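The values are calculated or read from the model by the stated rules, or taken from the named source; none is laboratory data. Everything numeric in this text was worked out from a predicted model, so none of it was measured. As a convention, Cβ positions derive from the backbone with ideal geometry for all residues, glycine included, and neighbour counts pool all protein chains shown. Note: areas computed on protein heavy atoms with side chains; ligands, DNA, RNA excluded. Shrake-Rupley method; radii C 1.70, N 1.55, O 1.52, S 1.80 Å.
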Amino acid sequence: GAVVSQHPSWVICKSGTSVKIECRSLDFQATTMFWYRQFPKQSLMLMATSNEGSKATYEQGVEKDKFLINHASLTLSTLTVTSAHPEDSSFYICSAALAGGGLEQFFGPGTRLTVL
Amino acid sequence: GNSVTQMEGPVTLSEEAFLTINCTYTATGYPSLFWYVQYPGEGLQLLLKATKADDKGSNKGFEATYRKETTSFHLEKGSVQVSDSAVYFCATRGNTGRRALTFGSGTRLQVQP
């Protein structure tokens with residue numbers, strides 16, 4: 001149980017285009033999902049916290065107009081990278097926390113974005 | 001805010017060697033502590049956790065003890081296997097408010113046969 005999927009697993013796009021990444025909790029409901037960014041050989045950096053039915057909370061330095069997050073249901077959150085540029089190339093990882101609390105977060109396998 | 005410092009890798013060991021990966025944290029109050037593992041091509045998986053001082057988390061032969069006096073949560077395994085080769089992340093989470101995790105930089109472990 002507690003499986004989180006991400007789609008797509010990898011994407012290559014041209015500079016200036018927008019890319020949407022989906023994060024789904026497959027067998028549980030998640031009131032809160034988190035989006036992280038991981039640079040090569042570095043740690044995960046929290047980008048934003050996404051709560052179902054409300055606006056996402058962005059970390060300092062993360063452009064909310066560039067990284068649009070929508071958490072429309074208890075099983076789906078989406079991250080849209082708008083007008084992507086090569087510096088947005090990275091590994092994007094989501095995690096989901098169980099509705100009702102609890103410590104554990106369950107991580108998706110990640111999405112590798114390459115912007116040409 | 002919270003922060004986590006863990007030893008840099010890569011760590012290269014022979015099979016059956018003893019493993020220690022150091023992790024120290026700074027946090028207010030009494031955070032929960034975690035070790036996550038990321039196998040090649042896969043997402044992060046929770047390896048073990050501890051929620052209060054002197055708790056010992058254990059799983060798959062790995063252990064870590066929550067040491068409040070030294071603000072540490074070092075990961076140990078008595079005898080590593082080739083299949084343990086992965087990147088290990090130490091993480092902390094406060095017990096009030098934010099549920100997001102703060103991660104260390106990760107330590108790559110390579111176990112050679």
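Summary of values
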| item | result |
| --- | --- |
| Hey, A:F34 assigned to a strand (DSSP E or B), closer than 21 Å to B:Q38 by Cα and open to solvent by 20 Å² or more (accessible area, probe 1.4 Å) or not | no |
| Counted residues, the range B:49-80 - those being within 16 Å of B:T92 (Cα to Cα), assigned to a strand (DSSP E or B) and open to solvent by less than 10 Å² (accessible area, probe 1.4 Å) | 5 |
| Candidate set from the range A:78-107 (those that are in contact with a Lys or Arg (Cβ under 8 Å, 6 or more places away or on another chain) and within 14 Å of chain B (Cβ to nearest Cβ)); member that is nearest to A:F28 (Cα to Cα) | A:A97 |
| Search result, residues across the range B:2-18 that are more than 13 Å from every other protein chain (Cβ to nearest Cβ), assigned to a strand (DSSP E or B) and either within 10 Å of the chain's Cα centre (by Cα) or over 24 Å from A:P40 (Cβ atoms) (or both) | B:S14 |
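Residue by residue, here is whether (1) modelled with pLDDT under 90; (2) within 29 Å of B:R108 (Cβ to Cβ); (3) over 10 Å from the mean Cα position of the chain (by Cα); (4) open to solvent by less than 80 Å² (accessible area, probe 1.4 Å) holds:
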{"position": "A:P8", "(1), (2), (3), (4)": "no, yes, yes, yes"}
{"position": "A:G16", "(1), (2), (3), (4)": "no, no, yes, yes"}
{"position": "A:A30", "(1), (2), (3), (4)": "yes, no, yes, yes"}
{"position": "A:M45", "(1), (2), (3), (4)": "no, yes, yes, no"}
{"position": "A:A48", "(1), (2), (3), (4)": "no, yes, no, yes"}
{"position": "A:N51", "(1), (2), (3), (4)": "yes, no, yes, yes"}
{"position": "A:K55", "(1), (2), (3), (4)": "yes, no, yes, no"}
{"position": "A:E59", "(1), (2), (3), (4)": "no, yes, yes, yes"}
{"position": "A:K66", "(1), (2), (3), (4)": "no, no, yes, yes"}
